[in-house]
Amino acid sequence: MGIGVILLLIFGGLMYRLIRFSRESTGDGSPLEKQVTYQTTEWQYFTRFDLLSTVFLGFVCLYLPYVVVAYGLPAAKTVWHYAIAIGLVGVCGWALYYIWIWFRLNNQYWQLTRDVLVTLDPADKRVFLQYPDYTVSFTAADATRVELVGTGSKGSKLFSGFTYWRFHLTDGLIVYLNNNSSFLTHIQEVYFGQVPFRYEGKRIPWIDREVISESAEA
């Protein structure tokens, strides 16, 4: 009974997210049909399933080496036992290194996300970004190039959830936007379809350092 309730909550939550994603990306709640304004809150950002899963994985990778050192190695009797134990510790260390990078990325993307109010208006296909100290508004006519930055072919799948937009405007300004919402699914092809587009694949999709510095100061 208890397991059934847990499974119902998990799969029910996934189904709700899928239905909501469909509605917000192509349905009547999408920026293809009406003006949409959204802001990612701290609660929404730090209670994501991928973040919670990574936290859990990190605890597992910290706990397993302790078990190996405290119980596995003292009980080892053959070379194979030692090899397996040392190999397990090595795998956990390798995983923790990537998890550490993941959390650094997550912090970077939060700096780009917090306190940003995004409005998408299908009437003139305009993007309006409101920051604490200033606002930016632009359409395809104001952009010379649009770039989406994410993991490349040699990048780890662990970082595939981190992508962000770079909008190069005619006045020389470069606008950065975290691609963390289903509202942005069709922003390039519908809002900026006639603007030159490039996908930049990185091994690790770090955000440009100067952008993070400016966000932290703001």
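The values are calculated or read from the model by the stated rules, or taken from the named source; none is laboratory data. Given the structure is predicted, the values throughout are model-derived calculations rather than measurements. FYI the Cβ positions are ideal-geometry reconstructions off the backbone, even for glycines, and counts take in every protein chain you see.
Computed values, structure above
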item: Hey, Gly87 more than 30 Å from Tyr131 (Cβ to Cβ) and touching a Pro at 6+ places or on another chain (Cβ under 8 Å) or not; result: no
item: Some residue of segment 156-173 being among the acidic types (Asp, Glu) and within 25 Å of Lys34 (Cα to Cα); result: no
item: Residues of segment 100-113 classified as buried (at least 17 other Cβ atoms within 10 Å of the Cβ) and under 18 Å from Phe59 (Cα atoms), total; result: 2
item: All positions within segment 161-210 that are small (Gly, Ala, Ser), assigned to a loop (DSSP other than H, G, I, E, B) and surrounded by fewer than 17 Cβ atoms within 10 Å (Cβ to Cβ); result: Gly172, Gly193
item: Test: residue in segment 41-51 that is farther than 20 Å from Leu117 by Cα, part of a helix (DSSP H, G or I) and at pLDDT 90 or above; result: yes
item: So Val89, is it touching a Leu at 6+ places or on another chain (Cβ under 6 Å), buried (at least 16 other Cβ atoms within 10 Å of the Cβ) and β-branched (Val, Ile, Thr); result: no
item: Residue tally, condition in contact (Cβ under 8 Å) with a residue 40 or more places away in the chain and within 17 Å of Ser156 (Cα to Cα), over segment 78-108; result: 7
item: Search result, residues across segment 168-197 that are within 18 Å of the chain's Cα centre (by Cα) and modelled with pLDDT of 90 or more; result: Val175, Tyr176, Leu177, Asn178, Asn179
